[in-house]
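Down below is the structure, laid out as structure tokens.
The values are calculated or read from the model by the stated rules, or taken from the named source; none is laboratory data. Computed from a predicted structure; not experimentally measured. Cβ sites come from the backbone with ideal geometry, for glycine too, and all protein chains shown count toward neighbours. All accessible areas refer to the heavy atoms of the entire protein, side chains included, with ligands and DNA or RNA removed. Shrake-Rupley method; radii C 1.70, N 1.55, O 1.52, S 1.80 Å.
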Amino acid sequence: MKKNSKLIQPIQFYFALFLSVGIAILAGIVWSFYTESKHIQQTVEHQTKQEALHELVNAIDQTIKHTETQLRAIAEWDEVHQQYHDPSYYFYWHDERLKESSYYQPYYDALELYHKNGKLLMPASPDQNAIPHAKMPIKLKELETVVHLSPNKEAHLETYYPVYERGSDSVMGYVGVSLDLKAAILLQNQFFYLDKSSLYMTGNQTVPIKELVSYIQFSPISNPVNNYLWELIQKFIIELIIILAVVSLLLIFIFNNAIRSPLEVLSNYLLKLKEAPQEKHTPPEKHFLIKEYEELKNTIHQYHSQLQQAHLELDQQNLIVWEQARRDALTNVYNRRAFDEAWSDVIRSFKETSIPTAFVLFDCDFFKALNDTYGHEVGDEVIRLSAKSIQQALPMECPPYRIGGDEFAVIIQHRSLQEITMITQFCLDALRNTSFTSLGIKEKLTFSVGISSIANQENDCITHLPRQADIAMYKAKQSHQTKIQVYNQALEDQSSSLVSKQMINTIVNSIHTGENIQMHFQPIVSIETGNWYYESLLRIKGTDGLIYPGEIFSLIERRRLEVEMDHQVILATLSALESGILPENSGLSINISGKTLLQPDLVSLFEPFNKLLTKYKIVIEVTENILIDHIDYAQNVLNELRDKGFLIALDDFGSGYSSIRYLAHMPVDIIKFDMTMTQALNSDSKTKQIIISTADMVRRSGFDLVMEGIETEEMYEQAKAAGATHLQGYLLGKPMAEIQPPKMPN
């Protein structure tokens, strides 16, 4: 047995060495995996905290800007100006009118008015004296925005905004407010990384707003995915350690029972054979069955099943996130991102197998005006109800996609054009039957639908369908009866306003170089004084004669050359004035597009005209819809031009939907009725009375009123009777290249 034990010892040594090295390597891998996972977790937590800090800083900035906007609105409030002129009922206004108005926010502590010398307009209201943070200083020492920190972990922002005299830059006083900064931040901002419940302020002093962040304590939102993964990693490491211990014991057991013991039995058997080769020996009766392998296999299988279950749960969560990312938050229908993916799939599959495909576009008529009239909450509800009606009316395999504010797109395949039209009509009927009156909307809502379709690749390119549906939809908008329009080439021709290549080159070259630009002038006559001025109208000299606005503007819009065109018109008009072709005390009216109105150098474009303002009346005409869409910006820019002596005219008044509600705030001097309103004077008595009443309102509001389209003496007399102050039309004079006085009717 001594000799036999010597044979076994080297095997035990190598097994022990192999087992030790294996355990050491696995332990090193586990430790490396643990430390790297811990580092990743800490990195994610650090990044989350940095994002939370960035969110907090942005939220403070946005709150300050929003508060300044609120104070600006209060400073422009008519009732505030009334208090400066007559503060005799200040307490009632302050404690009743102000706090019940939409200007007073729920998180305001106090709001006071100050003289321009810094003293309170009136003493603080008695009910504020019991609230320490609601007190405003009796006299302003400085206007710096500061934050008052209190021991109860609150912060109250104190800021001021000047109140200007109407129509001047003179300061009447200041409006000051103290507000609960934390409440304002939480109410006005949305946080994705910062835990709102952890936000509080420290300190007991007054600090400048730029130092506020260092006094704020907060915690980032816990990342459930990161925590869950870390728990899985920890569980995996613990289970791995347990498995290593079990495997080590199993290996020892297997080695002892499957290797060493059989070798010992076989070695003894061989020794018996060697010592007694002639004798009959029975083989060892011991069976070498290793059941532990099956147990180990089951253990690994169980662990693998748990890991697979964890992956399945993560995949389900990812599927939910993927689905939510492709849903519109307002309507819960698919959004623009989902549409882009679906449309890309349609294009790709169409190239492989051509199948009938249609693109349908739904749009709510006058939605912008409705949104402005009734507010965004009602507008959102209209969008929600519209989406629901369209979705319920469509086949299951044709989901709607919200691709714009009030635009919905539908992709329909494997259907004939007749079937598509029937489906679309069914959707339109569902929209018409939807009750919007419960939202307080008095007007009847209408929807326009554009359809474009394609049967195979030989007819057209499938990528053109969205543009073609858009053309058809806008054609439907122009009709009061046919609200479903199927695209055809005639619509393309109408949309494009096809012109010859030579004419295109002439127009584009003129816009870029100013060559062949020719201004025509049409008189605008004052009824009261008989004086007149001229509207400058663009023409371009072509090889076959003059090119008129119909061809010019369609090309300009397609090439997006509106700003360049306006520059050339301004230069040509300036040249006409400087040449002296206009008699003094007359003037010119210049039309500018919406894109030019929004250019930052608009005021500088008209600087060369400043020297001519003493001799001529210079009017800048802007269209109604552009002014309404950008009224806040336009007020500042156009008022600056008015201060220099220019007059501003609102062109096409009445062609939109909500001009009147904006009229009091429009920075204009002249209202030009759209030609359709002038022609409406020949309509029924009710329509005529509406036009006359509108004209009377415009005049009593202090505006000059120009009625366009005066072509007959009857229209001339009707416009005078309706109350126009100025008239324009072919009866008085056509647009001419040479300045001619108007022809007054007898």
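Being within 20 Å of His567 (Cα to Cα) and out of contact with any Pro (no Cβ under 7 Å at 6 or more places or on another chain) is the filter here, so list the residues in segment 532-541 that pass it. Selection gives Glu535, Ser536, Arg539, Ile540, Lys541. The set of residues from segment 373-402 being aliphatic (A, V, I, L, M), touching a residue at least 60 places away in the same chain (Cβ under 8 Å) and surrounded by 20 or more Cβ atoms within 10 Å (Cβ to Cβ) comprises just one member, Val382.
Among residues of segment 13-27 that are modelled with pLDDT of 80 or more, none has a beta-carbon under 7 Å from a residue that is open to solvent by 80 Å² or more (accessible area, probe 1.4 Å) and among the β-branched types (Val, Ile, Thr) at least six positions away or on a different chain.
Touching a Ser or Thr at 6+ places or on another chain (Cβ under 9 Å) and at positive phi: is that true of Gly176 in this structure? It is false that Gly176 is touching a Ser or Thr at 6+ places or on another chain (Cβ under 9 Å) and at positive phi.
Considering only residues in segment 112-122 that are modelled with pLDDT under 90 and touching a helix residue (DSSP H, G or I) at 6+ places or on another chain (Cβ under 7 Å), the one that is least open to solvent (accessible area, probe 1.4 Å) turns out to be Leu121. Every test in (1) out of contact with any Gly (no Cβ under 8 Å at 6 or more places or on another chain); (2) buried (at least 20 other Cβ atoms within 10 Å of the Cβ) is passed by Leu370 save one, and that test is (1). When Val163, Val171 are screened for being crowded, with 17+ Cβ neighbours inside 10 Å and either without any contact (Cβ under 8 Å) to a residue 12 or more places away in the chain or not basic (Lys, Arg) (or both), only Val163 passes.
The helices (runs of 4 or more DSSP H) located wholly in segment 465-537 that include 1 or more residues which are loosely packed, with under 13 Cβ neighbours inside 10 Å and at pLDDT below 90 occupy 489-496, 501-513. The set of residues in segment 585-640 that are at pLDDT below 80 and either in a strand (DSSP E or B) or in contact with a strand residue (DSSP E or B) (Cβ under 7 Å, 6 or more places away or on another chain) (or both) comprises Gly594, Thr623, Glu624, Leu627.
With respect to (1) without any contact (Cβ under 8 Å) to a residue 24 or more places away in the chain; (2) acidic (Asp, Glu); (3) farther than 29 Å from Glu142 by Cβ, the lone exception for Asp78 is condition (3).
In segment 177-201, which residue that is aromatic (Phe, Trp, Tyr) and more than 17 Å from Tyr215 (Cβ to Cβ) is farthest from the chain's Cα centre (by Cα)? Selected residue: Tyr193.
Checking each residue of segment 547-570 against the condition of being open to solvent by 60 Å² or more (accessible area, probe 1.4 Å), in a strand (DSSP E or B) and either in contact with a strand residue (DSSP E or B) (Cβ under 7 Å, 6 or more places away or on another chain) or not β-branched (Val, Ile, Thr) (or both) gives no match. The test for being farther than 16 Å from Ala469 by Cα and of a type outside the set (Phe, Trp, Tyr) does not hold for Glu407. Applying a threshold of 6 Å to beta carbon distances and a minimum spacing of six or more residues, or different chains, the list of pairs starting in segment 433-456 at a residue that is farther than 15 Å from Ile383 by Cβ and ending at one that is outside any helix (DSSP H, G or I) and aliphatic (A, V, I, L, M) reads Val449/Ile484; Gly450/Leu361; Ile451/Val360; Ile451/Val486; Ser453/Ala358.
When Ile383, Ile347 are screened for being part of a helix (DSSP H, G or I), of a type outside the set (Asp, Glu), touching a helix residue (DSSP H, G or I) at 6+ places or on another chain (Cβ under 9 Å) and modelled with pLDDT of 90 or more, only Ile383 passes.
For segment 571-582, filtering for residues that are open to solvent by less than 60 Å² (accessible area, probe 1.4 Å) and not small (Gly, Ala, Ser) leaves 4. As a summary of the residue check, Gln190 satisfies the conditions (1) in a loop (DSSP other than H, G, I, E, B); (2) surrounded by 20 or more Cβ atoms within 10 Å (Cβ to Cβ) except for the one numbered (2).
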